[in-house]
């Protein structure tokens, strides 16, 4: 009996955390993979994912740069196969007081979390539009629902991602294109996010109740396959927090969020 060829998913930020767990979920569901990270540790993950019986290509490229984004897109095209699913997961935080944070770090964040996310979405979704078929998953955050003191550029970038995902989802439907767009909104998750973002010494960074990235990834995959517009990933507390944010004033939301993300060194 002839078997159907495997579909192909491209996943950014896949060397660890939610991104790697997303890659694992897709592999377990018989997707071949193109995975990306700026870290050399990515190639170890390639070998691990291949053990699940799928083809895996690793592309080490910095998606905070135009050159890195172009390199990933070009190498994906060399495979000569359409990208059936695009997962734009790569992102970084910059924790601390806005006036004290280094602008170059924040510029890197904005380029990675927003600028070249848009670039890759446009390039790959144009290819999907030619075939009139595709799925796109953006990793947003419940931080998109409220102001984020002490990691202000990060929270603002996730508000951008959330709005962007919702807008282009509508465009795809309104123009009759068979491309679905889903936003995954995790809460605090047990990854290296807080260490990388200089946020380990905050209330949220020190919390022992972070979500399992494997569960968050599974939630994202299931929502994407069902064609949902968004999903709050992880435990029920994240859904409660997101719902509560919608009825609070901006001042209340900023205060609660700020207490969670304020560095311990700034607390009296």
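For the range 181-194, the candidate set comprises residues that are surrounded by fewer than 21 Cβ atoms within 10 Å (Cβ to Cβ) and out of contact with any strand residue (DSSP E or B) (no Cβ under 8 Å at 6 or more places or on another chain); within that set, the residue that is nearest to residue 109 (Cα to Cα) is 192.
Given the options 93, 69, name the one that is assigned to a loop (DSSP other than H, G, I, E, B), out of contact with any strand residue (DSSP E or B) (no Cβ under 7 Å at 6 or more places or on another chain) and crowded, with 22+ Cβ neighbours inside 10 Å. Can you show your working first?
Numbers: 69 fails: assigned to a loop (DSSP other than H, G, I, E, B).
Going through 93, 69 in turn, just one is assigned to a loop (DSSP other than H, G, I, E, B), out of contact with any strand residue (DSSP E or B) (no Cβ under 7 Å at 6 or more places or on another chain) and crowded, with 22+ Cβ neighbours inside 10 Å: 93.
Summed over the range 73-85, residues that are surrounded by 15 or more Cβ atoms within 10 Å (Cβ to Cβ), free of Cβ contacts under 8 Å to residues at least 60 places away in the same chain and assigned to a loop (DSSP other than H, G, I, E, B) total 0. Among the residues of the range 46-66, just one is surrounded by fewer than 14 Cβ atoms within 10 Å (Cβ to Cβ) and under 16 Å from residue 118 (Cβ atoms), namely 66.
Among the residues of the range 11-18, are any surrounded by fewer than 19 Cβ atoms within 10 Å (Cβ to Cβ) and in a loop (DSSP other than H, G, I, E, B)?
First pass over the range 11-18, keeping only residues surrounded by fewer than 19 Cβ atoms within 10 Å (Cβ to Cβ): 16.
Cutting the leftovers down to in a loop (DSSP other than H, G, I, E, B) gives us 16.
Yes - at least one qualifying residue is present in the range 11-18.
Which residues, counting only those in the range 48-77, are more than 18 Å from residue 121 (Cα to Cα) and either at pLDDT below 95 or under 20 Å from the mean Cα position of the chain (by Cα) (or both)? Even if it seems obvious, please write down each step before you answer.
Let us first name the residues in the range 48-77 that are more than 18 Å from residue 121 (Cα to Cα), namely 48-58, 60.
Selection gives 49, 56, 57, 58, 60.
With respect to the conditions (1) under 24 Å from residue 115 (Cα atoms); (2) touching a helix residue (DSSP H, G or I) at 6+ places or on another chain (Cβ under 6 Å), residue 42 falls short on a single one, namely (2). Scanning the range 1-46 for residues that are at pLDDT below 95 and within 21 Å of residue 124 (Cα to Cα) turns up 5, 6.
Given the structure, is residue 111 closer than 21 Å to residue 197 by Cα, buried (at least 19 other Cβ atoms within 10 Å of the Cβ) and in contact with a strand residue (DSSP E or B) (Cβ under 7 Å, 6 or more places away or on another chain)? So that I can check it myself, show each step before the final result.
Values: closer than 21 Å to residue 197 by Cα: yes; buried (at least 19 other Cβ atoms within 10 Å of the Cβ): yes; in contact with a strand residue (DSSP E or B) (Cβ under 7 Å, 6 or more places away or on another chain): no.
Answer is no for this residue.
Is it the case, given these coordinates, that residue 131 is in contact with a helix residue (DSSP H, G or I) (Cβ under 7 Å, 6 or more places away or on another chain), surrounded by fewer than 18 Cβ atoms within 10 Å (Cβ to Cβ) and at negative phi? Judged against the criteria, residue 131 is not a match.
How about the range 195-217: which of its residues are without any contact (Cβ under 8 Å) to a residue 24 or more places away in the chain and either buried (at least 22 other Cβ atoms within 10 Å of the Cβ) or within 30 Å of residue 7 (Cα to Cα) (or both)? Of everything in the range 195-217, those that are without any contact (Cβ under 8 Å) to a residue 24 or more places away in the chain and either buried (at least 22 other Cβ atoms within 10 Å of the Cβ) or within 30 Å of residue 7 (Cα to Cα) (or both) turn out to be 212, 215.
Among the residues of the range 156-169, is any outside any helix (DSSP H, G or I) and more than 14 Å from the chain's Cα centre (by Cα)? The answer is no, given that none of the residues of the range 156-169 is outside any helix (DSSP H, G or I) and more than 14 Å from the chain's Cα centre (by Cα). For residue 220, are the conditions met, namely being assigned to a helix (DSSP H, G or I) and either in contact (Cβ under 8 Å) with a residue 60 or more places away in the chain or under 20 Å from residue 163 (Cα atoms) (or both)? Considered against the rule, which asks whether it is assigned to a helix (DSSP H, G or I) and either in contact (Cβ under 8 Å) with a residue 60 or more places away in the chain or under 20 Å from residue 163 (Cα atoms) (or both), residue 220 comes out as yes. In summary, residue 123 fulfils each of the numbered conditions (1) in a helix (DSSP H, G or I); (2) in contact with a helix residue (DSSP H, G or I) (Cβ under 8 Å, 6 or more places away or on another chain); (3) farther than 17 Å from residue 36 by Cα with the single exception of condition (3).
Annotation note: Cβ proximity below 8 Å between a residue of the range 48-72 that is at positive phi and a residue that is at pLDDT 95 or above and crowded, with 19+ Cβ neighbours inside 10 Å (sequence gap 6+ or interchain) occurs for 53/27.
The values are calculated or read from the model by the stated rules, or taken from the named source; none is laboratory data. Keep in mind the model is a prediction, meaning the values are calculated, not measured. Using ideal geometry, Cβ is built from the backbone for each residue, glycine included, and neighbour counts are taken over all protein chains shown.
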